[in-house]
1. Let's test the formula: R0 of 35 Å, r as the Cβ-Cβ distance of Leu602 and Lys168. What FRET efficiency results, to the nearest 0.05?
2. Given a 1.4 Å probe and every protein chain left where it sits, what share in percent of the accessible area of segment 1-75 is carbon and sulfur?
3. Might you report the magnitude of the Cβ-based charge dipole of the chain about its Cα centre, with Lys and Arg at +1 and Asp and Glu at -1, to the nearest 20 debye?
4. What are the residues whose amide H is under 5 Å from the amide H of Tyr6, where those residues sit 5 or more places off or on another chain and H is modelled from the backbone?
5. Among His335, Ser347, Ala396, flag the residue with its Cα farthest along the positive direction of the charge dipole of segment 327-464, charges on Cβ as +1 for Lys/Arg and -1 for Asp/Glu.
6. For segment 424-491, just say rounded, prolate or oblate: build the C-alpha gyration tensor, square-root its eigenvalues into a ≥ b ≥ c, call rounded for a/c under 1.5, and beyond that prolate if a/b exceeds b/c, oblate if not.
7. Looking at the square roots a ≥ b ≥ c of the eigenvalues of the Cα gyration tensor of segment 44-116, which shape do they give, rounded for a/c under 1.5, prolate if a/b is larger than b/c, or oblate?
8. In deg cm²/dmol, rounded to 500, what helix-only [θ] at 222 nm does the chain give when every DSSP H run of at least 4 residues adds -39500 (n - 2.57) and the total is split over its residues?
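The values are calculated or read from the model by the stated rules, or taken from the named source; none is laboratory data. Please read all numbers here as calculations on a predicted model, not as lab measurements. With ideal geometry, Cβ positions are generated from the backbone for all residues, glycine too; neighbour counts draw on all protein chains shown. SASA here: full protein model, heavy atoms, side chains in, ligands and nucleic acids out. Shrake-Rupley method; radii C 1.70, N 1.55, O 1.52, S 1.80 Å.
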Amino acid sequence: MSKKFYITTPIYYPTGKPHMGHCYTGVLSDILARWHRLAGEEVFFSTGTDEHGQKVEKAATLAGLSPQAYVDKVSKLFLELAQKYELSHTIFIRTTDKSHEKFCQKILKIVYDKGDIYKGKYKGWYCVDCETYYTEKDLKDGKCPLHGKATIWMEEEGYFFKMSKYEKKVKEYIQKQNYILPKSRQDFLLGRMKGGITDLSISRKNITWGVPLPFDKQHRAYVWFDALLNYTSAAQGKNAKFWPADVHMIAHDILWHHSVIWLSMLFSAGIKPPKRLLVHGFIQGEGGLKMSKSLSNVIDPMEVCKKYPVDSVRYFLAREIPFGSDGSFSMKALHERHNGELVNDLSNLHARTLSMIEKYQRGKIKQVNKNVLSKKLNLKKINASMNTYAFHDALAEIWKFVNICNKYINDTQPWELAKKNETQKLDIVLYNLADSLRLISLLIEPFMPETAGKIQTSLGMKKKESFKELKFGLLGNNTLQKVGYLFTRVEEEKMPTKAIVKKETLPMKQAPREAVSEMGIVSFKDWEKMKLQVGKIVKVDAHPNADRLYVLQVDLGAEKRQVVAGLRQHYNPKELLHKNVIVFTNLQPSIIRDVESKGMLLAASSNGKVVLLAPEKDIELGARIS
């Protein structure tokens with residue numbers, strides 16, 4: 001009986017066109033799904049769309065459509081994205097599916113009958129965009145801490161879930177299970193829990209687009225008590241054997257919902273909790289700025305893959321951004337990795353090997369027993385990287401082997417062996433190269449399925465192989481098949497015009513427009529939003545996971561902040577210690593290579609030189625720059 005593996009993506013709000021962040025989550029989840037299939041496991045992989053709630057209802061109104069017509073139209077865009085990027089999902093679930101709505105009502109009734117749901121009145125600040133209530137202390141300058149948009153004060157009668165009842169059990173499970181990875185995200189969540197857990201508002205009376213509560217038809221289920229249940233409603237009937245989920249893959253903006261809220265719901269309903277929550281960072285636009293329509297830097301993955309192959313984008317997302325960290329989607333970096341690692345390294349290795357077999361062996365592989373190359377492949381290290389979700393490290397190790405194979409061609413010079421009629425040596429070289437390509441194809445298949453298939457077809461492989469075949473000498477005396485080049489050079493680096501999403505996907509009726517200043521000019525109002533303060537560096541540590549970064553402790557007078565800064569090539573620790581600096585303190589915190597950073601130091605740069613900015617004279621720590 002094969003081992004089972006269940007992985008989920010979050011289900012996405014169909015309130016606009018999918019962007020590269022959605023693509024990133026899906027690709028990472030697919031890599032894990034494919035990896036576990038190749039390891040011989042029975043895999044269940046779910047993704048889909050979250051189609052209820054006030055935000056969706058509002059978007060439908062702006063588009064001049066009914067909510068159902070709207071979600072029918074937009075959810076197709078997410079399905080098309082999944083298909084284009086070759087996600088191997090088992091199920092694409094929609095929360096408007098009748099089976100899901102029926103399941104939600106069943107769970108709500110169980111929790112209600114248990115006495116964990118009661119009627120009350122809610123007062124609080126509500127963000128429509130993230131469908132979340134916030135306390136006064138959670139707000140940033142009176143606005144949503146995630147979207148930076150104004151919240152609205154809401155007072156309404158509704159039903160509440162006794163989430164506070166499960167605080168201790170949730171905390172114990174998270175700690176015992178090491179539920180959240182990277183650890184820095186778990187530490188952050190547990191720190192937030194120290195402030196206590198309040199009961200959760202789970203219904204709305206003033207909306208019609210949602211699942212009716214089974215015990216009060218005038219109320220609709222609050223979106224999270226509907227959406228989160230998709231993971232269990234997908235695993236019903238013949239798929240029930242897959243629950244509990246092995247991995248939920250999410251971005252860090254929905255960490256609280258997938259830990260505290262979700263686990264509390266499951267404990268109340270008597271359902272086994274999932275085993276692991278993997279939390280990746282945000283995909284940012286060029287220059288490291290958060291993607292935003294107002295900045296015109298939102299990247300459309302469907303447009304990018306018109307210029308670059310899908311496998312190039314999949315490879316880039318896994319290789320460029322260490323899992324758990326925020327990372328920029330740079331067209332320049334994509335261009336460099338495509339032309340460098342994929343064209344120059346992998347495609348070149350494949351083309352040279354096949355052309356020599358064609359030329360010197362008439363296109364038929366000659367099997368030999370002498371293992372020269374594959375023993376240099378570090379499978380143990382690759383597996384260790386995948387087991388810790390270090391996708392970039394796994395690919396780096398695979399690429400070490402790709403480059404070993406390229407060097408092997410240069411060192412052995414098969415063309416010289418052919419000239420000298422050293423047939424036995426030539427056969428050894430060419431077979432080792434061909435069989436190494438087979439091994440490479442298996443290892444890259446989760447990352448680049450189409451490319452892996454091309455390699456296997458070109459080698460005349462008829463049978464589908466798995467990781468059990470990751471050993472030397474299993475490639476038979478096959479006849480080569482022509483498939484062309486794996487990758488070809490892309491000459492332009494410029495972003496395709498349509499890759500920047502500047503407008504809403506669907507026609508809008510009287511949609512509000514956000515004015516964007518020309519020439520990068522910032523209004524005084526925007527300048528006032530930036531909080532720049534004088535600080536002093538009181539501790540300097542090398543970053544544990546990056547050789548160009550420091551982890552700094554900065555004294556701001558009233559508090560101390562941890563800031564990650566890329567200064568190791570420009571300052572030694574002694575130069576930084578006790579140095580006064582200027583800190584951008586209301587910058588959104590981020591996780592950089594598994595270490596949290598709360599702020600940014602201001603510096604000037606020119607021709608590779610970086611110099612920190614500092615006040616001209618001594619002034620009290622925490623003083624604001626104005």
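1. 0.20
2. Numbers: 1210 of 2200 Å².
That share works out to 55 percent.
3. 1340 debye
4. The list, which skips near neighbours in sequence, is Phe44, Asp246, Val247.
5. The listed residue farthest towards the positive side: Ser347.
6. Values: a/c = 1.76, a/b = 1.25, b/c = 1.41.
It is oblate, given that a/c is not under 1.5 and a/b is not larger than b/c.
7. It comes out oblate by the Cα gyration axes.
8. Per the formula, -10500 deg cm²/dmol.
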